[in-house]
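What follows is a short report on a single structure.
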Amino acid sequence: MNLDVTYPRRATKPCRVGNITMGNGHPVVVQSMITEETRNIEACVEQIIALHKVGSEIVRVTTPTLGEASCLEEIKAKVRERHEDVPMTADVHHQGTKIAVEAAKYVDEIRVNPGLFVFKRHGSRGEQTGTDNGDMRGRTEEDLTSVEALRSQLAYSETEWNNEIAAIEEDFVPVVEACKKYDRAMRVGVNHGSLSERILITYGDTPRGLVESALEYLRICEKHGYFNLNISAKASRVPVMIAANRMMAMRLDEEGMNYPLHLGVTEAGDGQYARIKSTAGIATLLAEGIGDTIRVSLSEDPINEIPACYEILQAMNLRKTQVEYIACPSCGRTKFDLPSVLNKVRDATRHLKGLDIAVMGCIVNGPGEMADADYGYVGAAGGKITLYRKRDVVKSGIPQEHGVEELVNLLKADGVWNEPSVV
């Protein structure tokens with residue numbers, strides 16, 4: 001039986017962000033975002049380097065004004081001088097044309113938010129139609145059976161619609177041209193909480209709104225010959241995030257826009273629930289082959305996001321970044337204090353990335369449940385333990401107090417041991 005299961009990946013075009021490539025069969029990329037103010041250049045440099053050292057392969061920096069955009073040149077140079085060339089993304093939101101064009105001179109990727117990039121409101125539209133625009137948030141996909149009928153109902157003429165698309169294109173094309181000129185990537189990042197009023201009026205507060213918002217910007221990019229793109233559709237509610245990304249992948253593939261997708265549950269909060277919430281959204285989509293780069297968004301030090309990302313990828317068998325420990329939950333049959341023994345085994349072997357090691361309490365389920373492990377440490381009667389290599393018994397009758405020592409000796413004999421580095 002082949003236990004090395006790998007989920008089929010959605011086929012995508014590659015997107016290159018500095019020296020990192022996502023999509024097109026490359027490993028799922030881990031990224032995060034610094035929390036320091038961009039004008040505090042020294043603090044930004046330190047946090048970017050720290051994030052990169054623990055595994056953030058792309059680091060995002062907020063860029064709300066031209067002042068922050070101008071800081072990116074020095075930040076990028078100092079990171080390169082003190083560490084290495086870290087792929088960096090400038091996060092651009094409101095009225096972002098000039099900001100994004102300036103940022104593209106210095107960093108590897110520009111993130112734009114379609115809901116805020118060209119910020120227009122239609123406050124009189126509700127009065128014209130007798131409809132409260134805020135009510136659109138309660139509509140469902142089923143309510144929106146005809147986009148044209150809805151536009152007519154709300155007095156949203158085809159001319160008005162096209163004029164807004166033209167206004168977006170006018171403001172957005174300089175960013176596209178800057179990304180082409182400086183060979184930068186772009187993330188079209190749509191957020192559920194910041195959809196434009198026009199999108200809400202037309203599609204409601206639905207996953208489809210996120211998809212259509214992104215597609216408008218992608219069509220402009222392709223019209224002007226720019227394709228180094230990736231997309232995100234984020235929400236703070238897991239079901240919305242999952243539905244939006246499923247629909248996004250389907251629509252992109254249907255339209256031949258099979259760009260990589262960035263996954264994340266935005267505003268997930270902190271602590272255990274934030275990690276579970278993020279895992280529920282990200283892992284569900286990864287299991288369907290959807291997703292090429294991820295971020296676990298925590299209201300904590302962003303350093304804490306990176307282990308969560310890698311553990312999700314390891315659990316999904318998509319990246320191997322640590323030892324995989326298989327351990328039973330313990331029961332009355334367990335022949336030793338399993339939690340303490342597991343910790344001892346982990347302390348001795350955690351540096352051996354790529355190995356699967358099982359720690360099982362008894363012989364009843366041990367050999368079967370650990371069948372896909374490289375090595376097994378199994379409790380036996382009389383205070384003894386048995387060591388396995390795959391399914392084969394290597395040594396039995398080992399006193400428990402010598403079990404970890406004998407496991408290390410076996411690893412050394414098999415040539416898979418290396419001494420842990422001294423920090």
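Among (1) modelled with pLDDT under 95; (2) open to solvent by less than 10 Å² (accessible area, probe 1.4 Å); (3) of a type outside the set (D, E, K, R); (4) not in a helix (DSSP H, G or I), there is one condition THR89 misses while meeting the rest; what is its number?
Only one criterion is unmet by THR89, namely (1).
What number of residues within region 368-409 satisfy the criterion of being over 24 Å from LYS353 (Cα atoms) and in a helix (DSSP H, G or I)?
Residues that pass the stated criteria total 2.
Out of all the residues in region 103-116, which are modelled with pLDDT of 95 or more and touching a Leu at 6+ places or on another chain (Cβ under 6 Å)?
Passing the criteria: ALA103, TYR106, VAL107.
Those residues that are farther than 14 Å from ASP301 by Cα, open to solvent by 20 Å² or more (accessible area, probe 1.4 Å) and more than 15 Å from the chain's Cα centre (by Cα), I need them from region 12-36; list them, please.
Of everything in region 12-36, those that are farther than 14 Å from ASP301 by Cα, open to solvent by 20 Å² or more (accessible area, probe 1.4 Å) and more than 15 Å from the chain's Cα centre (by Cα) turn out to be LYS13, PRO14, ARG16, GLY18, ASN19, ASN24, GLY25.
Small (Gly, Ala, Ser), at pLDDT 95 or above and more than 19 Å from the chain's Cα centre (by Cα): which single residue out of ALA249, ALA185, ALA178 fits that description? Explain how you work it out, then say what you get.
Numbers: ALA249 fails: more than 19 Å from the chain's Cα centre (by Cα); ALA185 fails: more than 19 Å from the chain's Cα centre (by Cα).
The unique qualifying residue is ALA178.
One residue is enough: does region 3-11 have a residue meeting the conditions buried (at least 22 other Cβ atoms within 10 Å of the Cβ) and within 24 Å of ASP183 (Cα to Cα)?
no
Looking only at region 179-216, count every residue that is open to solvent by less than 10 Å² (accessible area, probe 1.4 Å), assigned to a helix (DSSP H, G or I) and over 19 Å from ILE165 (Cα atoms) and tell me the total.
Selection size over region 179-216: 1.
Might you check whether a residue that is open to solvent by 20 Å² or more (accessible area, probe 1.4 Å), within 12 Å of the chain's Cα centre (by Cα) and under 30 Å from LYS180 (Cα atoms) occurs anywhere in region 257-271?
Yes, because at least one residue in region 257-271 is open to solvent by 20 Å² or more (accessible area, probe 1.4 Å), within 12 Å of the chain's Cα centre (by Cα) and under 30 Å from LYS180 (Cα atoms).
Give the number of residues within region 341-394 that are open to solvent by 40 Å² or more (accessible area, probe 1.4 Å) and more than 22 Å from ALA413 (Cα to Cα).
Residues meeting the conditions: 8.
The values are calculated or read from the model by the stated rules, or taken from the named source; none is laboratory data. Quick caveat: nothing in here was measured; it's all calculated off a predicted structure. We place every Cβ from the backbone using ideal geometry, glycine too, and count neighbours over all the protein chains shown. Accessible surface is based on the protein model in full, side chains and every heavy atom, while ligands, DNA and RNA are left aside. Shrake-Rupley method; radii C 1.70, N 1.55, O 1.52, S 1.80 Å.
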